[in-house]
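The values are calculated or read from the model by the stated rules, or taken from the named source; none is laboratory data. Since the structure is predicted, the reported quantities are computational estimates derived from the model, not experimental observations. As a convention, Cβ positions derive from the backbone with ideal geometry for all residues, glycine included, and neighbour counts pool all protein chains shown. With ligands, DNA and RNA removed, areas are computed over all heavy atoms of the protein, side chains included. Shrake-Rupley method; radii C 1.70, N 1.55, O 1.52, S 1.80 Å.
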Amino acid sequence: MAPRIEAPEFRLTKTDVVKKVEDILAPLKLSEEVQKRIREVYDEEMRIGLARNPSRKSCLQMENTYLPELPNGTEEGEYLALDLGGTNFRVILLQLEKGRVVSDEVQHYFVPEPLRVGPGSELFDFLAACIYDFLETRSKLDHKLPLGFTFSFPMTQQDLNVGILVSWTKSFNCPGVVGEDAVKMLNEAIQRRGDLEVEVVAVLNDTTGTLVQGAFLDRKCAIGLIIGTGSNACYIERVDRVEKWEGTHGDIKEVVVDIEWGAFGDNGVLDFMKTEYDQMLDKNSLLVGSFTFEKLFSGKYLGELTRLVLVKLAEEGLMFGGKIPSQLLRPGSFPTRFVSLVEQDAVLKLARPVSSESCFHELGIEHGSDDLKILQQVCFAVTERAAILLAICLSATLMRVDREECTIAVDGSLYKYHPRLHHLLEHYIIKMTPGKKVLFSINRQL
């Protein structure tokens with residue numbers, strides 16, 4: 001096996017400890033039988049999520065984005081794009097010729113906390129003001145520009161330019177927006193100004209945006225994937241399978257479906273594979289019983305999951321001389337970046353794992369050489385499980401796309417900066433989709 005996918009060598013000065021550590025990590029190992037069951041559950045939740053009148057609600061939103069096609073190389077003209085999903089709001093001006101970006105201008109605007117938690121109307125007035133500033137600076141105020149709005153929050157789409165906010169996430173919690181159409185609120189803010197010649201013609205979330213950008217660069221792209229603080233995926237689905245799409249849809253044969261798989265398992269369908277560490281993490285989280293799939297591996301939780309395993313090992317007398325460091329008892333004290341640092345040492349097979357040592361030093365934890373070796377085993381275990389879980393759902397999604405060759409456009413900090421995760425993910429995708437040619441493409445940010 002290549003160094004980037006094989007487990008770190010595990011030899012300790014106390015040989016009897018190896019078996020005990022492996023026993024504690026065993027629940028994180030997904031057997032073939034468990035993997036098969038997760039795949040079957042995922043397939044069923046997708047089917048129910050697309051059904052017109054299902055007997056029960058799916059934990060997968062399977063949201064119709066009303067996006068009937070992806071870029072095909074014929075795009076022309078000048079377009080404005082907005083991206084709201086964090087503390088920085090981006091305004092982008094694109095010039096396209098024959099499907100190619102010939103120029104792009106980007107400006108970032110910081111969204112202060114009072115606006116992120118204040119009245120929704122004030123937030124959208126701020127966005128409109130940023131648009132004005134951006135265009136005024138570039139002498140474009142008199143240009144009539146179509147505008148695409150990337151609104152990276154859970155929403156229900158009722159049309160290509162209608163997005164109803166389901167709930168705020170991240171650091172946003174503006175009253176008066178949940179249950180409302182974000183596009184309508186932005187258009188109203190633009191109209192209140194009376195000095196802008198722009199209109200929002202499409203709304204999408206960051207996952208769909210990742211797919212669109214990926215398809216712009218590669219015509220074989222059919223899946224968009226986010227693996228960062230959270231996780232989600234979208235894909236091209238046959239319209240005849242989207243039973244819940246009421247009304248006529250003309251000659252449209254395919255449409256992009258936003259899976260919203262971060263909530264996979266919120267209805268209990270994944271309880272059979274959750275470990276005691278997963279249960280503890282969920283119990284201590286802000287939203288108990290929500291974002292079940294994300295809590296198993298995403299960047300927001302992977303470090304915390306690792307911390308809980310380390311505490312268990314210390315409780316069993318297998319690390320730190322049997323004493324539990326008080327620093328490890330603090331939730332959130334072991335961030336996901338530590339997992340990446342530890343994995344970097346393991347991948348490089350360094351004689352002295354300096355990055356792993358730096359994690360313990362930063363926490364002020366006294367440790368020995370065996371503690372570092374066990375830490376590498378824990379980080380590999382949570383990383384490999386993450387890759388397998390992602391590969392199970394991606395391979396099932398690839399079967400629905402039903403193409404011999406498919407590119408998956410990926411964005412997200414965990415995928416980009418974890419030194420091993422993407423290699424393991426590619427390894428398991430190949431294993432789970434024999435006969436298919438799958439390529440991962442990392443999206444660049446404008």
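If you take every DSSP beta bridge fully contained in the chain, what fraction is antiparallel? Give it as a percent rounded to 5.
Percentage antiparallel, nearest 5: 60.
Express the relative contact order of the range 1-154 as a whole percentage, based on alpha carbon pairs under 8 Å and six or more residues apart in sequence.
It comes to 17 percent, rounded to a whole number.
Residues of the range 135-253: accessible area per residue at 1.4 Å, in Å²?
Value returned for the range 135-253: 45 Å² of accessible area per residue.
Where the centre of each part is set by its Cα atoms, how far does the range 10-24 sit from the range 100-165, in angstrom?
Taking the Cα centre of each part, the range 10-24 and the range 100-165 sit 54 Å apart.
Which entries in the list K244/K300; K36/K436; K244/K436 go over 21 Å, if you measure between the two C-alpha atoms of each?
Long pairs (Cα-Cα over 21 Å): K244/K300; K244/K436.
Keeping all protein chains in place and using 1.4 angstrom, which order do V311, V178 fall into by accessible surface area, from largest down?
V178, V311
Could you tell me which trypsin sites (Lys or Arg not before Pro) in the range 97-127 are loop residues by DSSP with no more than 13 other beta carbons within 10 angstrom of their beta carbon?
Here the sparse-neighbourhood loop sites are K98.
Take the Cα coordinates of the range 75-164, assign each an equal point scatterer, and use the Debye formula without solvent to give log10 I(q)/I(0) at q = 0.11, 0.12, 0.21, 0.26 Å⁻¹.
Debye curve over Cα of the range 75-164, log10 I(q)/I(0) at q = 0.11, 0.12, 0.21, 0.26 Å⁻¹: -0.35, -0.42, -1.15, -1.40.
Heavy atoms only, probe 1.4 Å: what % of the accessible area of the range 358-402 goes to carbon and sulfur, would you let me know?
After summing per-atom areas, the C and S share lands at 43 percent.
Report the net charge of residues surrounding A129, where surrounding means a beta-carbon distance below 11 angstrom and charges are Lys +1, Arg +1, Asp -1, Glu -1.
Here the count lands on -3.
What is the diffusion coefficient of the chain in µm²/s, taking the Kirkwood radius over Cα pairs and the Stokes-Einstein relation at 20 °C with a viscosity of 1.002 mPa s?
Result for D is 91 µm²/s.
For L84, what is the net charge nearby, where nearby means another residue's Cβ is under 13 Å from its Cβ and Lys, Arg count +1, Asp, Glu -1?
Here the count lands on +1.
Taking a spot 7 Å from the Cα of T74 along the direction of its beta carbon, which residues of the range 247-283 have an amide N less than 15 Å from it?
Label zone hits: 251-253.
Separation of the range 70-97 and the range 239-309 by C-alpha centroid, Å?
Here the two parts' Cα centres lie 28 Å apart.
At a 1.4 Å probe radius, carbon and sulfur cover how many percent of the accessible area of the range 230-284?
Carbon and sulfur together cover 44 percent of it.
In whole percent, and with a 1.4 Å probe on the protein chains, what portion of the accessible area of the range 1-54 is carbon and sulfur?
Of all accessible area on the range 1-54, carbon and sulfur atoms account for 51 percent.
Relative contact order of the range 260-349, please, whole-number percent, based on alpha carbon pairs below 8 angstrom and at least 6 residues apart.
Computed over the range 260-349, the figure is 24 percent.
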